[in-house]
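The values are calculated or read from the model by the stated rules, or taken from the named source; none is laboratory data. None of these values were measured; they are calculated from a predicted model. All Cβ positions, even for glycine, are placed from backbone atoms using ideal geometry, and neighbour counts span all protein chains on display.
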Amino acid sequence: MPVDRNNLGNSVSENRIYAEAFELLEKIHECLHNEIEAGRFSRNATRYVGFETQYDYACGIGVTQTAYFDKQGIVLERLSALTKAFEQLPAYKNLLSEMMQSSVINEDPAEFLRGTFIPSILPVISEDIENKTLNKENMERAVTTLIGDLFSKSLRWDVSVWIKGIRIKEDIGKKTIELGRGLSLRRPTPNDFAYEFPDFLQSHYAPNFNDILSNVPDAVLEWHLETNARQNNGYSQVKNTIEKLLTCLSLFKLGCIYAIKTKMRPESFTQKTGIPRLAPFRRVTPHSYEIGLDDISRLKRYIDQTEKWLSGTRTRKNPSSEAEIAIERYRDALLAEESATYIEHSIASAVMCLEALYSVETDELRHRMSLRTSAVLRHFGFDPRIVYDVMRCAYDIRSIFAHGQLLSEKKKTDFKTCGSAQEIADNVLEYARISILAYLAITYSTEIDKQGYVDRIDQAVIDAKGDAEISNAALLVSAMSPIH
């Protein structure tokens, strides 16, 4: 839809630059059209390769087809001379003059127009000419982008992330799940795997078919995201925001959630981004979960709330908070290749996650951590005696692994009262997930530190009434996140 010029701001300078830039684009379109009609630019046929596939959500990728075809197009030669000719246009000089009079522009106006703006919009205009159109919406978008770059306005990014670990239930089907604030989740479609490239670029950009087969996503996250920065750290801001969202999703239910491909397209001529590529195949733990219609409303609330909690984890003097360390160990228990290879590594990492939240002493770690975990988890409906026993078994397994040993068949029988190694791992990972959310909720609402949190738990163990803050946090977390 057309860009609303009234939303560009109240600055007279911006409005004048907008008007002059729009007139310049119309003049460039006219000049380029005349040059092409006069035969001063050649047309050639470029060899393209296209890839299409049949895809079914339940069965995966089926029949694939690769085809070669030719595309006719205008060859924009003599770009340097062409740009110099545009610089003689009155509209160009008027735009440059307006830009130079503005005191808030950080770019060199002449260099920006010559080296960035003109080269960026020429392919768009030439495509319009080839299609025999004058697409004013494209021109408005280009000028709005120009204004945003010049005046360092907030930058919109269109983000697409292929993720593993979340499956979409049949009751949602092919519908897109709208999660608010421009965020959505959907099933992959055949179009996600299709591409076309000039044949000479295929070796540089086209994904290997075997990589595609090994990296079919379970879902696609799409996001219209805004950042304040238009410099190099804008790209880093987006990456950090995506990582925070993936952390949120890995804590919503017990899930091994990770990205296998990320595409970030900014509405900017100056912001540089990486080429989206499929991640190498990786081995991870088998934990995943499904999203159905019953999950959507609370998932929306959960993401809003958890992002606030995570944003507050660095408000203290610590460069890396206990919550961040715990989350890193939780993700290691799910995502590390060692965790996929050794169940003992997954258990050890999950136990260390809980240590980051519950341990402040150096003695009686096994007992104290098991007791505190059970004291918190009872507010979520868990039997504290079972939690205590499972935690003691998990801690012993962690100690065995820390001393360079794996569980022998004989040692496995020593823990049979707590279940199999996989059952112990699943339980401790769930304890870790819930404990992280409880810790975030309580420290965010009370602003107490880890020592204060542990003191509350210890007091609640001997107090028949328990702890009201922990109970309230349990109610809040249970309302947003499924507890098993």
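Remarks
- Residues satisfying the stated conditions in segment 218-270, i.e. in a loop (DSSP other than H, G, I, E, B) and among the small types (Gly, Ala, Ser): Ala229, Gly255, Ser268
- Glu20 of a type in the set (D, E, K, R), closer than 21 Å to Phe269 by Cβ and part of a helix (DSSP H, G or I): yes
- Residue count, segment 25-84 (criterion: assigned to a strand (DSSP E or B) and of a type in the set (Asp, Glu)): 3
- Verdict on Thr247 being over 30 Å from Pro109 (Cα atoms), outside the structural domain of Ile434 (by TED's automatic domain parsing), buried (at least 19 other Cβ atoms within 10 Å of the Cβ) and out of contact with any Cys (no Cβ under 6 Å at 6 or more places or on another chain): yes
- In segment 373-424, the residue that is nearest to Glu338 (Cα to Cα) out of those that are more than 34 Å from the chain's Cα centre (by Cα) and of a type in the set (Gly, Ala, Ser) is Gly404.
To keep it simple, each residue is scored yes or no on (1) assigned to a helix (DSSP H, G or I); (2) in the same structural domain as Arg16 (by TED's automatic domain parsing); (3) of a type in the set (S, T, N, Q); (4) free of Cβ contacts under 8 Å to residues at least 60 places away in the same chain.
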{"site": "Lys93", "(1), (2), (3), (4)": "yes, yes, no, yes"}
{"site": "Phe117", "(1), (2), (3), (4)": "yes, yes, no, no"}
{"site": "Asp128", "(1), (2), (3), (4)": "yes, yes, no, no"}
{"site": "Met139", "(1), (2), (3), (4)": "yes, yes, no, no"}
{"site": "Ile147", "(1), (2), (3), (4)": "yes, yes, no, no"}
{"site": "Ile163", "(1), (2), (3), (4)": "no, no, no, no"}
{"site": "Gly173", "(1), (2), (3), (4)": "no, no, no, yes"}
{"site": "Pro188", "(1), (2), (3), (4)": "no, no, no, no"}
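Quick grid of which residues meet (1) in contact (Cβ under 8 Å) with a residue 60 or more places away in the chain; (2) out of contact with any Gly (no Cβ under 6 Å at 6 or more places or on another chain):
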{"residue": "Thr241", "(1), (2)": "no, yes"}
{"residue": "Leu245", "(1), (2)": "yes, yes"}
{"residue": "Leu249", "(1), (2)": "yes, yes"}
{"residue": "Cys256", "(1), (2)": "yes, no"}
{"residue": "Ala259", "(1), (2)": "yes, yes"}
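- Number of positions in segment 289-313 that are assigned to a helix (DSSP H, G or I) and among the aromatic types (Phe, Trp, Tyr): 2
- Within segment 445-478, considering residues that are without any contact (Cβ under 8 Å) to a residue 60 or more places away in the chain, in a helix (DSSP H, G or I) and farther than 21 Å from Ile327 by Cα, the one nearest to the chain's Cα centre (by Cα): Leu475
- Looking across segment 37-64, the residues that are out of contact with any Lys or Arg (no Cβ under 9 Å at 6 or more places or on another chain) and either β-branched (Val, Ile, Thr) or at positive phi (or both) come down to Gly39, Val49, Thr53, Gly60, Ile61, Val63, Thr64.
- Answer residue from segment 62-80, given it is without any contact (Cβ under 8 Å) to a residue 12 or more places away in the chain and more than 36 Å from the chain's Cα centre (by Cα) and is surrounded by the fewest Cβ atoms within 10 Å (Cβ to Cβ) among those: Ser80
- Phe69 being modelled with pLDDT of 90 or more and not assigned by TED's automatic domain parsing to the domain that holds Ser126: yes
- Residue satisfying all of: in segment 186-219; closer than 21 Å to Gln54 by Cα and aliphatic (A, V, I, L, M); modelled with the lowest pLDDT among these: Ala206
- Some residue of segment 199-217 being in the same structural domain as Thr247 (by TED's automatic domain parsing), exposed (fewer than 14 other Cβ atoms within 10 Å of the Cβ) and not in a helix (DSSP H, G or I): yes
- When residues of segment 331-362 are limited to those that are in a helix (DSSP H, G or I) and either among the hydroxyl-bearing types (Ser, Thr, Tyr) or more than 33 Å from the chain's Cα centre (by Cα) (or both), the one surrounded by the most Cβ atoms within 10 Å (Cβ to Cβ): Ser346
- Within segment 172-198, the set of residues being closer than 26 Å to Gln305 by Cα and surrounded by fewer than 17 Cβ atoms within 10 Å (Cβ to Cβ) comprises Lys175, Thr176, Glu178, Gly180, Arg181, Gly182, Ser184.
- Total residues in segment 22-48 satisfying the condition of being of a type in the set (A, V, I, L, M, F, W, C) and either without any contact (Cβ under 8 Å) to a residue 24 or more places away in the chain or over 22 Å from Lys132 (Cα atoms) (or both): the figure is 1.
- The residues of segment 459-474 that are within 13 Å of Tyr358 (Cβ to Cβ) and surrounded by fewer than 17 Cβ atoms within 10 Å (Cβ to Cβ) amount to a single one, Val461.
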